[in-house]
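Here's the structure, in C-alpha cells; my notes come after.
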Amino acid sequence: MSRQDTVADLVTRAQDSDPRAVARLISMVEDASPRLREVAAALAPYTGRAQVVGLTGSPGVGKSTSTSALVSAMRRQGKRVGVLAVDPSSPFSGGALLGDRVRMQDHATDSGVFIRSMATRGHLGGLSWATPQALRVLDAAGCDVVLVETVGVGQSEIEVVSLADTTVVLIAPGMGDGIQAAKAGILEVADILVVNKADRDGADQTVRELRYMLSLGERSTGSSWKAPIVRTVASRGEGIDDVVGALDEHRDWMSRSGERERRRQRRAEAEIEAITLEQVRTRIGDVRGGGNLPELAKRVVAGELDPYAAADELMATVSSR
Ligand SMILES: Nc1nc2c(ncn2[C@@H]2O[C@H](COP(=O)(O)OP(=O)(O)OP(=O)(O)O)[C@@H](O)[C@H]2O)c(=O)[nH]1
Ligand SMILES: [Mg+2]
C-alpha cells in the first residue's frame, strides 16, 4: 500500500471489505493524521447503518470471551461485524492485546470481521475523541454491528454508553459485583444485563439481586424498555444466542420508539463539542506561544482586570482566528 493512496480510494476499498484499507483509515483517524478531515468528510455519506453495541464490566468478567462468542453467532447469521477493543489504561495500539489476540484468533482469517484494539491513554478526552472516528470507519466499511469492548474503569463506562446504541453490562456471580454496579450507577445505563460465568456458584443470587435493584430503578426511568437479564457461560458459548436475541429486540425497540434518533443526536452533539473543545485548546496553545495571554495575565496580577474578563478577551482572540 503506497502513501499516495487517495482517501477516496481507501474508502472505496474499505467498502469492498479490504481489511488493509480499513486498518489504514483507522490509523489515520487515530493518529490525527493531517488527512483526518478529508477522511471524516469521505466517510460521512456512508455512516449511520451499523448497530453500535458497547460491552462493559469489571476486568476479567468475560467481555472479550463474550465478544468473541457474539462475533461467531453473528457471523452465522451472515452479519458483518466490527470489534473495537478500547483500553483506557494502555499506551499500546494497533494490534490486538495478547490475550485478546488469542481469544479472537478464530476470526483472524474471516473477511467479514474487523478487529482493532485502541489505546486511549494520552488521548485528550479519552474515548470521546478517537473512538467515534474509528466507529465511523467500521460503519462505512459495511459492518452491520460494531462491538465496542471497554474495560470498566469508572469514566470509560459512562463514555462507552454515550457511543453506543445498545449498552451491555456484564456482571459475574459473587464478589458483590451487582451491588457495586448499582452503586456506581451502571445498572441505569444498561440496556441488557448479562450475568456471565453462570457456571459458578451464586449466579441465581446475582440474578435475584439484579432483578430487585432494577425493579427499584424502573419507577424513576419511565422508559418502556425493561433491561433483560441474560445468563451466559461465554467460555462455552452458552446463552450467547439469548444475548443476540436481546440485542435484536433492543435494536427494534430503539427504532420504533425514536430512542435511536435521540441517542444518535446526543452522540453527534457530544462529538461536535469534543472536537470544538479540542480546537479551542489548540488555539489557546497557539495564543500562549506569542499571543496576548502574558499581557492579560499581567493585567490580572496588577488588579486591572479580573480573570473572567481576561478569559472573555482570550476567547475573543481565539474565535476570531
Ligand atoms: N468459568 C468461566 N470462566 C469464564 C467465562 N467467561 C470467561 N471466562 C474466563 O474468564 C477469564 C477472563 O475473560 P476475558 O474474556 O478475558 O475477560 P475480560 O472482561 O475481557 O477481561 P479484561 O479485558 O482484562 O477486562 C478468562 O480466563 C476466560 O476464559 C465463563 O462463562 N465461565
Ligand atoms: Mg478483554
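Just so it is clear, none of the values below were taken in a lab; they were calculated from the coordinates. Note that the structure is predicted; figures quoted are calculated from it, not measured. Neighbour counts are summed over all protein chains in view; Cβ atoms, including those assigned to glycine, are modelled from backbone coordinates with ideal geometry.
Output the peptides 271-279, 205-213, 139-147 sorted from most to least packed, where packing is the average of other Cβ atoms within 10 Å over each peptide's residues. Mind showing how you got there, number by number?
On the way: 271-279: 13.8, 205-213: 17.0, 139-147: 23.1.
So the order, starting with the most tightly packed, is 139-147, 205-213, 271-279.
Taking θ as phi - 60°, what are the ³J(HN,Hα) couplings along segment 54-70 by the Karplus curve (6.51, -1.76, 1.60), each to the nearest whole Hz, with x for Gly and Pro?
Each residue of segment 54-70 in turn: x, 10, 9, x, 4, x, x, 6, x, 5, 5, 4, 5, 4, 4, 5, 5 Hz.
Residue by residue through segment 230-240, which ³J(HN,Hα) values in whole Hz follow from phi under the Karplus form 6.51 cos²θ - 1.76 cosθ + 1.60 (θ = phi - 60°), with glycine and proline marked x?
Coupling constants for segment 230-240: 10, 9, 9, 10, 4, 5, 10, x, 7, x, 5 Hz.
Between PHE114 and residues 5 or more places away or on another chain, which pairs have amide H atoms under 5 Å apart, with H built 1.01 Å from N, and which residues are they?
The list, which skips near neighbours in sequence, is VAL81, GLY82, VAL83.
Counting only residues 5 or more places away or on other chains, whose amide H sits under 5 Å from the amide H of VAL52 once H atoms are built in the peptide plane?
VAL146, ASP165, THR166
Express the C-alpha Rg of segment 237-311 as a ratio against the empirical globular expectation 2.2 N^0.38 Å, rounded to two decimals.
After normalising by residue count via 2.2 N^0.38 Å, the value is 2.13.
Amide H neighbours of THR232 under 5 Å, counting only residues 5+ apart in sequence or on other chains, H built in-plane at 1.01 Å?
VAL195, ASN196, LYS197, ALA198
For VAL280, VAL301, what ranking results if the residue with the fewest other Cβ atoms within 10 Å of its Cβ goes first?
Values: VAL280 14, VAL301 9.
Ascending number of Cβ neighbours within 10 Å: VAL301, VAL280.
Between segment 185-257 and segment 293-321, how far is it from one alpha carbon centroid to the other, in angstrom?
Each part's Cα centre sits 51 Å from the other's.
Got a sec? How would ARG256, ARG116, ARG299 order by Cβ neighbour count within 10 Å, fewest to most?
ARG256, ARG299, ARG116
If you count, for each residue, the other Cβ atoms within 10 Å and average over each peptide, how do 56-68, 28-40 line up from highest to lowest?
Going from most to least packed, we get 56-68, 28-40.
For THR6 and SER111 in the same chain, what is the full-extension length gain: residue separation times 0.36 nm, less their Cα-Cα distance, in nm?
Full extension of this stretch gives 35.5 nm more.
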